[in-house]
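Take a look at the structure set out below.
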Amino acid sequence: MKIHLLQYLEKTYAKYKDKVAIIDKNRQLTFSELRNQSLGISIKLKKQNNDIYNQPIAVFLPKSLESIVSYTAILYSGGFYVPLDSKSPIERVESIIKTLSPQVIITNQSLKEKLLKINYPADKIIEIEPLIQTIQPEDVSYQLPLNHIDTNPAYCKFTSGSTGIPKGVVIPHRAVIDYIDWAIERFEINDRNVIGNQSPLFFDQSVFDIYLMMATGSTMVIIPEELFIFPAKLLEYINKVKVNMFFWVPSVLVNVANFKLLETINLPHLEKVFFGGEVMSTRHLNYWRKHLPEPMYINMYGPTETTVDSTYYVVEREIPDEESVPIGFPCRNSDVLILNERNELANVNEMGELCVRGSSLALGYYNNPEKTAQAFVQNPLNKHYPELIYRTGDVVYLNELGEIIYLCRKDNQIQHLGYRIELGEIEVAVLGMDMLDNACVLYNNDKKEIVLFFSCDEKIESGMIRKYLMNKLPKYMIPTSFIQLNKMPLNANGKIDRNTLKVQLEN
């Protein structure tokens, strides 16, 4: 029985010492090098800091081999790691550090100057370069921290907060182990897989890549970030390194489809295409399935608070362009409740809030008991004993096939002209229009307008879009304002940056 994430690495290290574990732009690490460098750093961390057990250690590094080595070292030391976005404004980093009060911050020489500008002890900022030393396997044997249990924190990832203050989601070892063991079994992932990493390491989708690599002996390729700006070069690169599975945000797949690249570039190695983190356009997914029918396509859904994913859907049936891709069914050992406004289980085709219960739940928000109590609440269906559920804030419904269909965020529901409208439903309809590359629908509260932002290479008249939507949506749901962009703004995770578009609405 596994109770610590590094039991994965120890087992894989014993079997695949010289196999390549991680590849980045210019370098690679074997499982032996990953383990030994991590152990070397953990020993130094423990020597310099007596109180590491179950304590947060922040990592302020670019997306790199060193980041993953740092995470592993922190787990070896008995602490839990907190990835920070090295490209974030220093004010946001300082806000997180203030909430976290980490024992140590691991960074590199070039980024240290940025950290020295914040209110944090300089002697607790450690550079990674002098720490990396390879230790021979016979020199160090690994033993679990003495009092470790599987509900101890493994990592804490900070997400955007509705008040502007980031929230630190604390995830225990048990939740990740449950998730990774399920993924390995359900999708038959093994040592022959080459995983193409897209997500930033501070984004929870990267947990899927990192721990599948450690658990199975597969190879994780950290794809150079700049390639995602050039889809053709991206596909050429994943062919070159023989990536055969990946978990990407839909925006990347949409870009490939918009450039019609699969008509000229074949991906012979690709076997599994996982996508999640935002709504996948059905039209663009159908382009992938038409031109690349062999791989398995899997829609993954879940907020950070439920350990990466809580539902999944293997796309096996034909889905019309104007319909949503289901988010499917609960992952193993997770239960999904769809609760209506009366806190009762919603009926088929009745909208409700998706709530999750089970061992996948986060421990809560770090140093934020108020927000924790708001999001992690007693299961209203259980009056007999304490049982927490996580209220996701996502509006969904169950269709006649028993599939969960995502509609929108609860806060993305609007009252317009006396009607309650889900903006996500409008987006799905718009994205069925062939001429558009991408789209996002927002509501202008001041002007009481539904606003459609869309991107396309050619100039498109709003009347054309209105005419198309008249056959898809009731009149009251047709956008009243249309804004064409050359391309959609994306945030650091590769999703459509809705906050940037909201600012544009206010100007």
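Annotations
- Folded to 0 to 90 degrees: helix 6-15 orientation relative to the chain principal axis, Cα: 70
- Whole-Hz couplings from phi, Karplus 6.51/-1.76/1.60, listed for segment 378-384; x for Gly and Pro: 4, 4, x, 7, 10, 9, 9
- Amide H to amide H distances under 5 Å link Ser310 with Tyr301, Gly302, where only residues 5 or more positions off or on other chains count and H is placed in the peptide plane.
- Of the trypsin sites (Lys or Arg not before Pro) in segment 196-283, those whose Cβ has at most 13 other Cβ within 10 Å and which sit in DSSP loop: Lys242, Lys260
- Shape of segment 417-506, Cα gyration tensor, a/c cut at 1.5: oblate
- Applying the criteria of a DSSP loop state and at most 12 other Cβ atoms within 10 Å to the trypsin sites (Lys or Arg not before Pro) of segment 1-39 yields Arg27.
- For segment 223-407, radius of gyration divided by Kirkwood radius, i.e. Rg to Rh on alpha-carbons: 1.04
- Among Cys456, Cys408, sorting on how many other beta-carbon atoms sit within 10 Å of each Cβ, with the fewest leading, yields Cys456, Cys408.
- Cα-based helix-to-principal-axis angle, 90-100 vs the chain, degrees rounded to 10: 60
- In this structure, the amide hydrogen of Glu449, modeled 1.01 Å from its nitrogen in the peptide plane, lies closer than 5 angstrom to those of Asn444, counting only residues at least 5 positions away or on a different chain.
- Secondary structure note: in the chain, about 60% of the DSSP beta bridges are antiparallel.
- Treating each Cα of the chain as one equal point scatterer and applying the Debye formula with no solvent, the log10 of I(q)/I(0) at q = 0.07, 0.10, 0.12 Å⁻¹ comes out as -0.39, -0.81, -1.17.
- Going from the residue with the fewest nearby Cβ atoms within 10 Å to the one with the most, Met488, Met435 rank Met435, Met488.
- Each Lys or Arg adds one and each Asp or Glu takes one away; over the other residues whose Cβ falls under 13 Å from the Cβ of Tyr366, this sums to +2.
- Counting only residues at least eight positions apart within a chain, or on another chain, the lysines with an alpha carbon under 17 Å from that of Lys19 are Lys11, Lys242.
- Among the GluC sites (Glu not before Pro) found in segment 283-325, those both in a DSSP coil and sparsely packed, with 11 or fewer other Cβ atoms within 10 Å of their Cβ, are Glu316, Glu318.
Each value in this text was obtained by applying a stated rule to the coordinates, not by laboratory testing. Because the structure is a prediction, the values reported are computed rather than measured. So basically every Cβ, Gly included, is an ideal-geometry build from the backbone, and we count neighbours across all protein chains shown.
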